[in-house]
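Reviewing the structure listed below.
Just so it is clear, none of the values below were taken in a lab; they were calculated from the coordinates. This structure is a prediction, so every number in the text was calculated from the model and none was measured. With ideal geometry, Cβ positions are generated from the backbone for all residues, glycine too; neighbour counts draw on all protein chains shown.
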Amino acid sequence: MTDRQLAILYAIIEQYAEIAAPVGSVTLAKLFGVSSATIRSEMARLEEVGLIAQPHTSAGRVPTDKGYRLYVNHIAASETPAVPELDRSARAIDARVSSCGDRSDRAIRSAVDSLVDLTQNLGLATIGDELYMNGIGNLFSQPEFISGQHVQAVARLLDNLEPWLREAAPNEPLNVYIGSENPIGKSSGATLIISRFRSPYSDSSYIGVLGPTRQSYGRVMRLVRHAGAMLEEVL
């Protein structure tokens, strides 16, 4: 993989997150200042190694789960500078959670509700033996989940998420399960991003979001990580 091929992959992922449509060579050629033919050649290489795919007969390409995994690993390994918009979003979470006083359950629900508003995904958290969820309308309003097959797969994932969290107990501060990496609902086309935190209920409480694989990973990962860290500090 060359640096340019990686840059093109990352650009496809970021463009696709914004426009929810396959990304074509003309758009990328303008972005990189090279010919469309050069971009098509690089895209062919990315397709050969399974990082992007061509849906239907569209001329554009979309990322695969393998491509997203490479991108997420890159984000996780890189130290990105603070972004003012993210700082504002983090402060919004802090203010909402801090207003809950010493009510742990309300603080966790408020953090979830903040993530729902800020990411437009479904938000979830464990509160003792209960799984609190909000924003299911956000999830099923995404274009990826129009087909009945995807809706059923997402529903299976949600139905089995609480027992799976208890059994698997993901032990990283931030865990990202992309599409087919999900233990349940592998064909759902959904990504689960969860943060573990200590709470009065458990040393392994979880907060996170469930959304389409097409999303702004850097932003969402930082907000979920911040929500978990904020709750651990407050609770």
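The stretch between Glu232 and Arg103, if pulled fully straight at 0.36 nm per residue, gains 45.1 nm over its current Cα-Cα span. Mean residue ellipticity at 222 nm, helices only, the chain: -17500 deg cm²/dmol; runs of at least 4 DSSP H residues each add -39,500 (n - 2.57), and the sum is divided by the number of residues.
Rounded to the nearest whole Hz, the Karplus-based 3J(HN,Hα) values (6.51 cos²θ - 1.76 cosθ + 1.60, θ = phi - 60°) of segment 174-181 follow the sequence 9, 10, 10, 10, 9, x, 5, 6, with x at glycine and proline. Take the Cα of Ala53, step 7 Å toward its Cβ, do the same at Ser147, and the gap between the two points is 0.9 nm.
For the pair Asp3 and Asp129, a Förster radius of 41 Å applied to the C-beta separation gives a FRET efficiency near 0.25, rounded to the nearest 0.05. The H on the amide N of Thr191, modeled in the peptide plane, is under 5 Å from the matching H of Gly179, Gly211, Thr213, each at least 5 residues off or on a different chain. Hydrophobic, long helices, defined as DSSP H runs whose alpha-carbon span along the helix axis is 27 Å or greater and whose mean Kyte-Doolittle value is at least -0.5, occur in the chain at 148-168.
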